[in-house]
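Values in this text are rule-based calculations from the coordinates and carry no lab data. Predicted model only: the values in this text are computed from it and were never measured. Ideal geometry is used to build each Cβ from the backbone, glycine not excepted, and the neighbour counts take in all protein chains shown.
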Amino acid sequence: MPAGVPEQGAGVPEQGAGVPEQGAGVPEQDAGVPEQDAGVPEQGAGVPAKGAGVPEQRAPEQGAARSAQPPDSALDQAMRQLAWYRKARNRAKLAHQSSELLALLTTSATVLVSALRAPAAVTASMAALTLFLTGFRQIFKPNERWTRTSVAWLTLHHEITRYLHRPPTERNGDALLERVMEITMTENRDWVEERGHDGGSAPS
């Protein structure tokens, strides 16, 4: 090759020489752009939970209003006396009905065994049982006892009912106690007078 002639391609920059690479100097996509949701609080962040800070609503317990009221000692005493009369009435009723029924059965059985010419021991036993029931009714008088306790129970029951139907501010506990004592004393006085008529004059 003659001298002074540059070689093919001499002084020619290589392909792509001095040309910046693709994307060189160009900021990357999304560079400097805040990410989505950046700085945005998460859903529910900083928001108080449902009902947070709100006092929980509670239904008053059953009987809270009752417990606030002072106990009624007069009513308690009247209820105890009423329960006693109810038990005494039921016992007297059972004793009266049982003794009457047994007396009727033994009397009828005595007549029957006599007619059938049963052994004397059987007839005498039935007659003795009839006599015992007759004496039991005369001594303990379950029928009269049943009547007295029924009257006392009913009277006291009416007094308690009237007391409870009044407003709490208008109830008079002292008056109720006086009625309880009056009913009790009346029932006891009737019992003493009855005993006095059976065995002589009643004690003064």
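Here the spin labels are modelled as points 7 Å beyond Cα on the Cα-Cβ line, and at VAL111 and ALA83 they lie 4.6 nm apart.
When only alpha carbons of the stretch 87-204 are considered, Rg and Dmax amount to 21.5, 75 Å.
Kirkwood hydrodynamic radius of the stretch 137-204, from the reciprocal of the average inverse Cα-Cα distance over all distinct pairs: 13.7 Å. Annotation: the residues TRP153, TRP191, sorted from fewest to most other C-beta atoms within 10 Å of their own C-beta, follow the order TRP191, TRP153. Counting 0.36 nm for each residue step from SER125 to GLN97 and taking away their Cα separation leaves a gain of 7.9 nm. Counting neighbouring beta carbons within 10 Å and listing from fewest to most, the residues VAL180, VAL192 come out as VAL192, VAL180.
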